Amino acid sequence: VAQPNVNELDASKLTYKFTDMPREVPAAGVHQINGNSVCTDHMVTVAWSAKNGWAAPELKPYGPLSLMPTASVLHYATECFEGLKAYRGVDGKLRLFRPDCNAERMLMSSVRISLPSFPPKELEKLIIALMSVDGPKWLSRERPGSFIYLRPTIIGTQPQLGVQAPSEALLYIIASYMPVMDAPAGGMKLHTSPNDMVRAWVGGFGYAKVGANYGPSLLATQEARARGFGQILWLYGQNGECTEAGASNFFVIWKTAEGKTQLVTAPLDDRLILDGVTRRSVLQLARERVPEMEVVERKYTIDEVIKAHSEGRLVESFAAGTAYFVCPISLIHHRGTDVDISMGKAGEGGSFTLMAKGWLKDIMYGGENHPWGVVV
Ligand code: PMP
């Protein structure tokens, strides 16, 4: 909650200090060097303190942060982040996809983890400012169809041990290359979460994009990967409600017993899942563009999915999120049972999956002029 008499986050106060050691843009297709992310020349940082509020934002050369070993984030996980991409369009323009949604979600996450609040529009302006500076070099017009990943982050920096809300924080925005984490050929294989692990719980914070949701999920993911699966399908509760697939929202399309085609995904209301920007976009476009399909946000269980499969009613499945985009699922493994899912005629994904992917791609890369595609 904003305190009176302290400074609000104000993007118009941004100062610029340009690098005198420009970094080399890697060859197309190179996303990391020696296991390190390749970031652009600059980053934006903004310091916050409870006493003074937000300092003037700074755009400056990308480089290490300086933190005391006692910093709040390093002990109590006072951290939240966002992930969105900037896209070099087929028309040569640079676009963000619904950055307002990411800025709003970052505010929600920040408040949830006792970090400061801010007007989301100001964060959006800072993201755009970074892309205005680094976009032309790092997303060259010669590479239409390319993208870069933006990672706004807030950390609690107060150098004091003791479990309390930090009175100092740092907001920063970096931009990094990232591979197209497209579906592996043949589709993504999911393994349901181990019996003794949940990602999120009612009353918890699974709906917030805080780092504390991710570290603890790595163990199950690592084990599943070693066995040839791409991601965990996180189940919740005694009945095995389907929630999310890795760091993506999870969807199935099935025929109901009455023969209707339904697109189904987990609901937001019990706050177990992240309100994905891709999820909302897919739901809205499906409602607008495929009126004959029912679009349902409700609790549904892995047993319902298995039953639909065994009755020949499971039509397709996909995961949706910024990193994996719209990713067809070819198999779900649950306690000894393999659910094989159709990958469509060409083996590249079901027909709705491919259609939804195409719609979003067109908006992101300027094939379709749409208010969700925000030109930088
Ligand atoms: N669920 C989780 C847990 C995630 O981390 C993400 C990635 N932000 C998503 C879903 C997908 O969200 P979005 O479409 O906004 O990337």
Review point. Looking at this structure, is VAL374 at pLDDT 95 or above, in contact with a Leu (Cβ under 7 Å, 6 or more places away or on another chain) and open to solvent by less than 10 Å² (accessible area, probe 1.4 Å)?
Key: no
Check your understanding: Does PRO184 satisfy the condition of being within 16 Å of the ligand (Cβ to nearest atom), surrounded by fewer than 13 Cβ atoms within 10 Å (Cβ to Cβ) and either farther than 25 Å from GLU104 by Cα or of a type outside the set (Lys, Arg) (or both)?
Key -> no
Exercise for review: Return the residue satisfying two criteria in turn: it lies in region 252-281 and is open to solvent by less than 10 Å² (accessible area, probe 1.4 Å) and small (Gly, Ala, Ser), and of such residues it is nearest to TYR214 (Cα to Cα).
Suggested key: GLY276
Exercise for review: Name, by its number, the condition in (1) under 28 Å from LEU94 (Cα atoms); (2) part of a helix (DSSP H, G or I) that does not hold for ALA308.
Suggested key: (1)
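Residues in region 317-371 that are among the hydroxyl-bearing types (Ser, Thr, Tyr), over 19 Å from ARG95 (Cα atoms) and open to solvent by less than 40 Å² (accessible area, probe 1.4 Å): how many?
The number of residues fulfilling the criteria is 3.
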**Study point:** Count of region 317-376 residues which are in contact with a strand residue (DSSP E or B) (Cβ under 8 Å, 6 or more places away or on another chain), of a type outside the set (D, E, K, R) and part of a loop (DSSP other than H, G, I, E, B)
**Key:** 13
**Study point:** Answer from ASN213, ASN249 - the residue that is touching a strand residue (DSSP E or B) at 6+ places or on another chain (Cβ under 8 Å), in contact (Cβ under 8 Å) with a residue 12 or more places away in the chain, near the ligand (Cβ under 10 Å from one of its atoms) and open to solvent by less than 60 Å² (accessible area, probe 1.4 Å)
**Key:** ASN249
Point to revise | Matching strands (runs of 3 or more DSSP E) fully within region 53-168 where at least 1 residues are under 21 Å from MET43 (Cβ atoms), open to solvent by less than 10 Å² (accessible area, probe 1.4 Å) and touching a His at 6+ places or on another chain (Cβ under 7 Å) | key: 58-61
**Study point:** Filter pass, MET43 being over 21 Å from THR278 (Cα atoms), part of a strand (DSSP E or B), more than 16 Å from the ligand (Cβ to nearest atom) and not polar (S, T, N, Q)
**Key:** yes
Check your understanding: Among the numbered criteria (1) at positive phi; (2) touching a His at 6+ places or on another chain (Cβ under 9 Å), which single criterion is violated by GLU223?
Key -> (1)
Review point. Which of the residues spanning region 270-288 are away from the ligand (no atom under 16 Å from the Cβ) and either of a type in the set (Gly, Ala, Ser) or farther than 20 Å from CYS327 by Cα (or both)?
Key: GLU288
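Output the residues belonging to region 258-279 that are touching a residue at least 40 places away in the same chain (Cβ under 8 Å), over 18 Å from ARG105 (Cα atoms) and either under 19 Å from the mean Cα position of the chain (by Cα) or assigned to a loop (DSSP other than H, G, I, E, B) (or both). Outline the logic, then answer.
Initial filter on region 258-279 (touching a residue at least 40 places away in the same chain (Cβ under 8 Å)): 261, 263, 268, 270-279.
Then keep just the ones that are over 18 Å from ARG105 (Cα atoms); that gives 261, 263.
Of everything in region 258-279, nothing turns out to be touching a residue at least 40 places away in the same chain (Cβ under 8 Å), over 18 Å from ARG105 (Cα atoms) and either under 19 Å from the mean Cα position of the chain (by Cα) or assigned to a loop (DSSP other than H, G, I, E, B) (or both).
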Study note, to complete from the structure: Expected output for region 147-167 (first residue touching a residue at least 24 places away in the same chain (Cβ under 8 Å) and of a type in the set (Gly, Ala, Ser), partner in a strand (DSSP E or B) and buried (at least 19 other Cβ atoms within 10 Å of the Cβ), Cβ below 9 Å, 6+ apart or cross-chain) is GLY156/ALA71; GLY156/GLU79; GLY156/GLU168; GLY156/ALA169; GLY156/LEU170; ALA165/GLY156; SER167/GLY156
Review point. Quick one: would you say GLU297 is more than 16 Å from the ligand (Cβ to nearest atom) and closer than 27 Å to LEU96 by Cα?
Key: no
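For region 227-246, give me each residue that is assigned to a loop (DSSP other than H, G, I, E, B) and within 14 Å of the ligand (Cβ to nearest atom).
GLY246
The values are calculated or read from the model by the stated rules, or taken from the named source; none is laboratory data. All of these numbers come straight from a predicted model, not from anything done at the bench. Here Cβ is always computed from backbone atoms with ideal geometry, including for glycine, and neighbour counts include all displayed protein chains. Accessible surface is based on the protein model in full, side chains and every heavy atom, while ligands, DNA and RNA are left aside. Shrake-Rupley method; radii C 1.70, N 1.55, O 1.52, S 1.80 Å.
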